[in-house]
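Each remark here refers to the structure printed beneath this line.
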Amino acid sequence: MVGLGNPGADYEGTRHNVGFAVAARLRDQLEAKPLERTQSYASWSAENLVVLTPLTFMNRSGEALVQFGERHGLVPEDVLVVVDDVYLPLGALRLRARGGDGGHNGLSSIQESLGTDAYARLRIGVGRGDEAQGLADHVLSGFAPEEGGPLAAALDLACDASLAWAREGVVKAMNRFNAAARMARDNAPEGER
């Protein structure tokens, strides 16, 4: 499982770093042990799962993943990348077995570096916010206090989805978590859909 984000205190708690937040929660939940830390990535291991966070910036995430793969062996089909998505409402999840980068620089870097889109990705909605605000400014901003509840619920659900992916495979995890996300969206108040 690869949680994407930007390294450094300036980026902690930003929308672009929800992948890092899921990785941290998953590490804590599993009591994962440090595996390896390089200039490009940090990794932890628990059960049959490696949690990886690239220490490169978002647009160079693929380089870190390839370096890890060269040292430890890596099959793209055995990778789950967790990222933010501005095109999903806050807290919504979407798990896919493969696909395009959707304009996300981290996914673009990974696809370019791996030479394939055949890896799973879990997108976590961070909302688009004010259309007048630049997209880069939005994803590098923090969450408002009223967004804390939906964000925490999404991070917990993303951990559950990541574990289901690791234990049951991408198809079963997609069936369960994409259906739950649709149901939550359909039951949300009209203005929050």
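The values are calculated or read from the model by the stated rules, or taken from the named source; none is laboratory data. This one's a predicted model, so the numbers in the text were calculated from it and none came from an experiment. As a convention, Cβ positions derive from the backbone with ideal geometry for all residues, glycine included, and neighbour counts pool all protein chains shown. These area figures cover heavy atoms from the full protein model, side chains too; ligands, DNA and RNA do not enter into them. Shrake-Rupley method; radii C 1.70, N 1.55, O 1.52, S 1.80 Å.
If you filter region 12-26 down to residues that are outside any helix (DSSP H, G or I) and under 16 Å from Asp85 (Cα atoms), you find that the one that is most open to solvent (accessible area, probe 1.4 Å) is Gly13.
Regarding Glu77, is this residue modelled with pLDDT under 95 and either aromatic (Phe, Trp, Tyr) or assigned to a helix (DSSP H, G or I) (or both)?
yes
Within region 142-167, which residues are in a helix (DSSP H, G or I), free of Cβ contacts under 8 Å to residues at least 60 places away in the same chain and open to solvent by less than 40 Å² (accessible area, probe 1.4 Å)? Matches in region 142-167: Glu147, Gly148, Ala152, Ala164. Filtering region 124-141 to residues that are open to solvent by 30 Å² or more (accessible area, probe 1.4 Å), touching a residue at least 40 places away in the same chain (Cβ under 8 Å) and outside any loop (DSSP other than H, G, I, E, B) leaves only Leu135. Kindly indicate whether any position in region 79-97 is free of Cβ contacts under 8 Å to residues at least 40 places away in the same chain and surrounded by fewer than 17 Cβ atoms within 10 Å (Cβ to Cβ). Within region 79-97, none of the residues are free of Cβ contacts under 8 Å to residues at least 40 places away in the same chain and surrounded by fewer than 17 Cβ atoms within 10 Å (Cβ to Cβ). In the set (1) under 26 Å from Glu168 (Cβ atoms); (2) within 14 Å of the chain's Cα centre (by Cα), the condition left unmet by Val86 is number (1).
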